[in-house]
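Please read the structure below before turning to the comments.
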Amino acid sequence: MNQPLIISCPIVGAELTRETYPNLPLTPEELAIEAEASVKAGASIIHLHVRDEEGKPSQRVDLFEKTSRLIHERVDCILQYSTGGAVGTPLSERLAPLKLKPEMGTLSMGTLNFGSDVFENTEEIIRGISAGLQEYGCMAELEIFDAGMMDTLHRYAKKGWLPKHFHVDFVLGVPGGLAGDLENLLFLIHKLPPGQSWSVAGVGRFQLPLAIHAIALGGHVRVGLEDNVYYRKGELATGNAQLVSRIANISRACDREVATVKQAREILKIGV
Ligand code: KMH
Ligand code: ZN
């Protein structure tokens, strides 16, 4: 509880559409405005996907470059590029934006059913992305969607297939992955390497309760539209900032300060 709370915000994701969320930010300019608002509300990490001119998910380097530049013109924050992309994105495309050397990038730790799709993360893909993150000096955030992925983490770490230093994010509540209840969260926390920094991203209705558990348990939190578009049952959030702001307020009310971007870099030892 003593460490400031790092809030990470996934501002758009790859799957959401304006049919589900009419104000979804899509263009580089809209994403930059959304990122600035989220950081001002308390986020220090922006988990970034980008969209093409048709609003479709893309791993194009020029789009990541422009969006990152526009965000950083507005606000300082840790940019964490998605290497997951959308379901079915080939490895070469998933890796492409890493050449821009963002401070962080994701590394999904296994294959799972993702709703009615399959999010493929074979050994080859995991090792390929792990190598790409290390090549470009990006800190890895290991995404754990299911229990067995923790065993994969330990197995791959032992084989030397993972970066020496990483952050772990539990993404709980994906239909096809581990559900987002406290019992599951505690199970995963107990399997972490000693001293490991961790956060939790609850999907849908799991977002708020898991965030509150993480605040109390000394972990960090990811909240934003990629994972959940509702502020409360039946009421869409006004934007990412509203979701971030609620968590920041809850944390401060529990006497846990919210990390500045500088503090987040120190806590995560980014650049070490
Ligand atoms: N869009 C999901 C299939 C990540 O960003 O690294 C994967 C995803 C994970 O969003
Ligand atoms: Zn993502």
Q) Which value in deg cm²/dmol, rounded to the nearest 500, describes the helix-derived mean residue ellipticity at 222 nm for the chain, given -39,500 (n - 2.57) per DSSP H run of n ≥ 4 and division by the residue count? A) -11000 deg cm²/dmol
Q. When DSSP assigns beta bridges and you keep just the ones with both residues in the chain, what percent turn out antiparallel, to the nearest 5?
A. 20
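Mind ranking 8-16, 47-55 by how tightly packed they are, going by the mean number of other C-beta atoms within 10 angstrom, highest first?
In descending order of packing, they fall as 8-16, 47-55.
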Q | Signed unit charges on C-beta, dipole axis of the chain, positive-most listed residue Gly202, Gly105, Tyr156 | A | Tyr156
**Q.** Nonlocal amide H pairs with Glu103, under 5 Å, H built at 1.01 Å
**A.** Leu79
Q) Counting only Cα, what are the radius of gyration and maximum Cα-Cα distance Dmax of the chain, in Å? A) 16.7, 47
Q | Considering only region 1-146, percent of DSSP beta bridges that pair antiparallel, nearest 5 | A | 25
Q) If you place +1 on the Cβ of every Lys and Arg and -1 on the Cβ of every Asp and Glu, how big does the dipole about the Cα centre of the chain come out, in debye to the nearest 20? A) 700
Q: Determine the sum of side-chain charges near Asp181: Lys and Arg each +1, Asp and Glu each -1, restricted to other residues whose C-beta is under 15 angstrom from that of Asp181.
A: -1
Q) Can you pick out the pairs among Lys56/Lys269; Lys56/Lys158; Lys101/Lys158 whose Cα atoms lie more than 31 Å from each other? A) Lys56/Lys269; Lys56/Lys158
Q.
Taking loop as defined by DSSP and a crowding limit of 12 other beta carbons within 10 Å, which GluC sites (Glu not before Pro) in region 174-272 fit?
A. none
Q. Based on the alpha-carbon gyration tensor of region 16-73 and its eigenvalue square roots a ≥ b ≥ c, which shape applies: rounded if a/c is under 1.5, prolate if not and a/b is larger than b/c, or oblate?
A. oblate
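Since every read-out is calculated from the coordinates, none of them should be taken as a lab result. Because the structure is a prediction, the values reported are computed rather than measured. Every residue, glycine among them, receives a Cβ derived from its backbone with ideal geometry; neighbour counts consider all protein chains shown.
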